[in-house]
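The values are calculated or read from the model by the stated rules, or taken from the named source; none is laboratory data. Nothing here was measured: the structure is a model prediction, and the numbers come from that model. Glycine also receives a Cβ, built like all others from the backbone with ideal geometry; neighbour counts cover every protein chain displayed. To get the accessible areas, we keep the full protein, side chains included, count just its heavy atoms, and leave off ligands, DNA and RNA. Shrake-Rupley method; radii C 1.70, N 1.55, O 1.52, S 1.80 Å.
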Amino acid sequence: MIDVPRIPLGGWIEAGLDFLTGHYSHVTRAISRFTRSNISSLNDLLMAVPPWAMIVVIALLCWRISGYRLGVFAILGLSLIWNLGLWQPTIQSLSLVVIATLVAIIIALPIGVLAALSDGFNRVVMPILDFMQTMPAFVYLIPAIPFFGIGAVSAIFATVIFSMPPAIRFTALGIRQVPTELAEAADAFGSTRMQKLLKLQLPLALPTVMAGINQTIMLALSMVVIAAMIGANGLGAEVWSAIQRLQPGAGFEAGIAVVILAMLLDRITQAMKGREAAR
Amino acid sequence: MSDDPQSQDGVRIRVRKLSKVFGKHPDRALALRDQGLDRAAILERTGDTLGLSNIDFEVRSGELLVIMGLSGSGKSTLIRCLNRLIEPSEGEISIEGDEITRMDAKRLRECRRRHFSMVFQHFALFPHRSVLANAEYALEIRGMPKAQRQEKALDALRRVGLEEWKDAYPRQLSGGMQQRVGLARALASDSSVMLMDEAFSALDPLIRRDMQQELVGLQRELDKTIVFITHDLDEALNIGDRIILLKDGEIVQVGTPEEILTRPANAYVERFVEGVDMSRVLTAQAAMRRPVAPVTLDDTPGEALARMDEGGVDTLYVVDDERRLAGILERGAVVRACAGEAPSLATLIEREVPRVLPEEPLHHLFPMFNKRSYPIAVVDGEGRLRGVVVRGAVLAQLAEVGREAPSPEPVPSLAPLDGPSATGVSS
Ligand SMILES: Nc1ncnc2c1ncn2[C@@H]1O[C@H](COP(=O)(O)OP(=O)(O)O)[C@@H](O)[C@H]1O
Ligand SMILES: [Mg+2]
């Protein structure tokens, strides 16, 4: 065998990350402080509401958006979580998901729009999205720590990266799916690009965009659980400590809470998408 | 702009040497075209499609210009070059003297807002907007205040008979109604030119006929300039003031429907027009005769009777001082009046006279014959009597062109009053 020198790919990446943390840590630390305060205020806000009141509000929301079945499911599921003593970690996970999803959407929408309107940009972005989605989720956790430290902010950073691709993809897809004749009609009457986007393309793309957001939320939830490995609080942390103490019962209880949360988030966003499509 | 040379000669849009190549090497494709290669050869050599080649024509103010050709002949490409939804590869297009092909994005947008509206084959209504909001669209993007633009949009909807549907959504309407909304959206924009790409091709034949009539009516009433695309010769002949026949991206013939039919430019056009129902094309003008000299309201019944005897007819037109048609006299009534007290003609005349404009297609006259025993008066825009059409003359005209008349009922034999030589007589 010829002795091919090993390519120091990992070394390069570390050097790059070191450079970035060395020069930009004041930026990332500022972001970190800002995000941390947002997370804790959202968390405090949600925890300030008594669990029974929160359950009623969420059940009513589910009933309004989807129907009585989802409302009943919300009452039963959330009551079970409360009863198991998992209310606080569930709210912590929910806060992380909400914030990570909001950040992901804020970044993903403009990127998706650009990818839809520019073929060149699309060709650059799509492979990057493939990369982001297929890279094992844990890997994002490692570089997050030097930037943002142990805890919730790193979790959010990794979650945003991991969960953003579907929102971008579906936004681009939704806009590209607008029939040519409709786009021509908007142009023919003299719309500006922005008018065409706001009055035609985005409204028609909305159901597809919502499908992307639904997927983003689901990915975010799965990542938030994994993020317990770098010290994020929540249901993931419960699972993690159950593993370390070899308590399968406690592990399953936390796992079931994740499933309930996932089903609620999924059905709510699905129903919102359905309502958009039906208009 | 009255000092504009183009509007003085009645030309609204002028197209010069327009070509369009779909593909990566337009210059190479055009060079090959100049060497005499045809579309297929250019496609084989370069992989590029020569969509349009060397197109020259004008759109005159107030005309309904039909661009006709088989599928793939380049019609959609041509109409989209006019407002630059498709970028031309070479050539010039100007509207009222402004060169569209040189405009930057901002001026092009302004030009589209002012000059062009468009109606699409599959309607292209915005599904998330109500009928009213669709009709408002062109005005909304210009920033017109809401109340004002809604009023205009409602006017347009009223014109196409859809006012009560203003709050409905497009998917709740039938195809014909949807296209009326498309029409209203274009009308509301108040553009000087309306572009219609196969606007009626997706509709049922019966609805299609109605829409054609309605369009012609609207166009006359509003004095719109319309460029209308169709692959259907019947439709082209039915509504077109002039027709441009396109084949493989080139113009084969330009002319009035009658010119295209009676003087096809080459064998291709001849084949194209074979089997056309002539009664759709020929107009009342082609079949009308000089009427027996009409009387005026001041004349006496005796004079009227004398005219009738002279001309050998049983009915006689009555006109006013400016030769505007006032009514018709029947022999029976006149004879009775002469025998009695001889009242003035005004009390004798029948004012409900079937009348048509000179450009009315002959096939519209058949049903009128079924209802009335009177001949049909041909009057100009001001109501002045220009001629008369009797049923036999219609048949004679059709026979002259060598076609059988498609009659809604068995045709009774009826000798023409006088020879078929009187076509195109005014008075
Ligand atoms: N975007 C395009 N790219 C490549 N070829 C095109 C494109 N649009 C039209 N063509 C070709 O140009 C020719 C004329 O098309 P079109 O104008 O749509 O014809 P029509 O409307 O008369 O059916 C056809 O051969 C068509 O395949
Ligand atoms: Mg076409």
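Taking B:Pro145, B:Pro257, B:Pro358 as the candidate residues, the one with maximal mean-square fluctuation in a Gaussian network model of chain B, Cα springs under 10 Å, is B:Pro145. By the equivalent-ellipsoid construction on the alpha carbon gyration tensor, chain A comes out with semi-axes of 33, 31, 16 Å, ordered largest to smallest.
Backbone geometry of the range B:313-325 corresponds, through the Karplus equation with coefficients 6.51, -1.76 and 1.60 at θ = phi - 60°, to 3J(HN,Hα) couplings of 10, 9, 10, 9, 7, 10, 10, 8, 4, 9, 6, 7, 5 Hz, x marking Gly and Pro. For chain A, averaging the sequence separation of C-alpha pairs within contact (under 8 Å, six or more residues apart) and dividing by the residue count gives a relative contact order of 22 percent.
Remark: chain B carries a charge dipole of roughly 1480 debye about the Cα centre, counting +1 on each Lys and Arg Cβ and -1 on each Asp and Glu Cβ. The lysines whose alpha-carbon is closer than 17 Å to the alpha-carbon of B:Lys146, local same-chain residues fewer than 8 away aside, are A:Lys199, B:Lys166.
Approximating the spin labels as points 7 Å out from Cα along Cα→Cβ, the B:Asn266-to-B:Ala168 distance works out to 4.7 nm. Positive end of the dipole of the protein assembly as shown (Cβ unit charges, origin at the Cα centre): among B:Ile376, B:Leu215, A:Ala254, the Cα lying farthest that way belongs to A:Ala254. Overall size of the range B:262-320 from C-alpha positions, given as principal axis extents largest first: 59, 22, 16 Å.
Per residue of A:196-202, other chain Cβ atoms within 10 Å of the residue Cβ number 2 on average. Of A:Arg267, B:Arg14, the order by accessible heavy-atom surface (1.4 Å probe, DNA, RNA and ligands excluded), from most exposed downward, is A:Arg267, B:Arg14. Note on A:Ser37 and B:Cys338: the model spin-label points, each 7 Å out from Cα along the C-beta direction, lie 11.1 nm apart.
Taking Rh as the Kirkwood radius computed over C-alpha pairs, what is the Stokes-Einstein D of chain B at 25 °C in a medium of viscosity 0.890 mPa s, expressed in µm² per second? Diffusion coefficient, whole number: 100 µm²/s.
Candidates A:Met126, A:Val57, A:Leu173 compared by Cα position along the dipole of chain A: farthest toward the positive end lies A:Val57, with charges placed on Cβ. Picking from B:Arg45, B:Arg16, B:Arg114, which is most flexible by a Gaussian network model of chain B using Cα springs under 10 Å? Maximum among the listed residues: B:Arg45. Here r is the Cβ-Cβ distance between A:Ser79 and A:Glu14 and R0 is 60 Å; the resulting FRET efficiency, rounded to 0.05, is 0.80. Can you figure out the FRET efficiency of A:Thr180 with B:Arg324, using R₀ = 56 Å and their beta-carbon distance, to the nearest 0.05? About 0.60, to the nearest 0.05.
Using C-alpha pairs under 8 Å with a sequence gap of at least 6, the mean separation divided by the residue count of the range B:156-245 gives a relative contact order of 27 percent. Can you tell me the relative contact order of chain B? Whole percent, Cα pairs under 8 Å, sequence separation 6 or more. Dividing the mean separation by the residue count of chain B yields 14 percent.
For a modelled paramagnetic label at B:Asp204, 7 Å from Cα along Cα-to-Cβ, no residue of the range B:220-248 is in reach, as no backbone nitrogen comes under 16 Å. With the simple spin-label model, which puts each label point 7 Å out from Cα in the Cβ direction, the A:Phe138 to B:His128 separation comes to 4.2 nm.
Ordered by solvent-accessible area of protein heavy atoms (1.4 Å probe), largest first, the residues B:Lys224, B:Lys17 come out as B:Lys17, B:Lys224. Total Å² of accessible surface buried at the A-B contact, 1.4 Å probe, nearest 100? Buried: approximately 1900 Å² between B and A. Grouping the Cα pair distances of the protein assembly as shown into 20 Å bins from zero gives a pair-distance distribution of 14, 31, 26, 17, 9, 3, 0 percent in increasing distance order. Each residue of the range A:165-180 was assigned a 3J(HN,Hα) from its phi angle through the Karplus expression (A = 6.51, B = -1.76, C = 1.60, θ = phi - 60°), giving x, x, 4, 5, 4, 5, 5, 4, 4, x, 6, 5, 7, 4, x, 3 Hz with x at Gly and Pro. Farthest towards the positive end of the charge dipole of the range A:14-165, among the residues A:Ser79, A:Ala100, A:His26, is the Cα of A:Ser79, using unit charges on the Cβ of Lys, Arg, Asp and Glu.
Could you work out the helix-only [θ] at 222 nm for the protein assembly as shown, with each DSSP H run of four or more residues adding -39,500 (n - 2.57) and the total divided by the number of residues, to the nearest 500 deg cm²/dmol? Roughly -17500 deg cm²/dmol at 222 nm, from the helical runs in the protein assembly as shown. The distance separating the Cα centre of the range B:205-227 from that of the range B:32-76 comes to 27 Å.
Expressed as a whole percent, the accessible area of chain A that falls on carbon and sulfur atoms is 70 (1.4 Å probe).
Rounded to the nearest 20, the size of the Cβ-charge dipole of the protein assembly as shown about its Cα centre is 3000 debye, with Lys and Arg at +1 and Asp and Glu at -1. Note that the protein assembly as shown presents 48 Å² accessible area per residue, ligands and nucleic acids not counted, probe 1.4 Å. Just so you know, the Rg over Rh for the range B:57-132 is 0.98, from Cα atoms, with Rh as the Kirkwood radius. Here the 3J(HN,Hα) profile of the range B:232-240, calculated from phi with Karplus coefficients 6.51, -1.76 and 1.60 at θ = phi - 60°, is 9, 4, 3, 5, 4, 5, 5, 10, x Hz, Gly and Pro shown as x. Shown is the FRET efficiency for B:Glu259 and B:His25, computed with R0 = 45 Å from the Cβ-Cβ distance and rounded to the nearest 0.05: 0.75. When B:Leu222, B:Leu233 are compared by accessible area of protein heavy atoms, the largest-first order is B:Leu222, B:Leu233, using a 1.4 Å probe. Residues of the range A:166-192 whose accessible area, computed with a 1.4 Å probe over protein heavy atoms, drops by at least 10 Å² once all protein chains are present relative to their chain alone are A:Glu181, A:Leu182, A:Glu184, A:Ala185, A:Ala186, A:Asp187, A:Ala188, A:Phe189, A:Gly190, A:Ser191, A:Thr192. The Cα center of the range B:310-384 and the Cα center of the range A:177-231 differ in position by 68 Å. Output the antiparallel fraction of DSSP beta bridges having both residues in the protein assembly as shown, as a percent to the nearest 5. Roughly 60 percent of the DSSP beta bridges within the protein assembly as shown come out antiparallel. Peptide packing for A:147-159, A:3-15 was compared via the average number of neighbouring C-beta atoms within 10 Å per residue; ordered from the highest value, the list is A:147-159, A:3-15.
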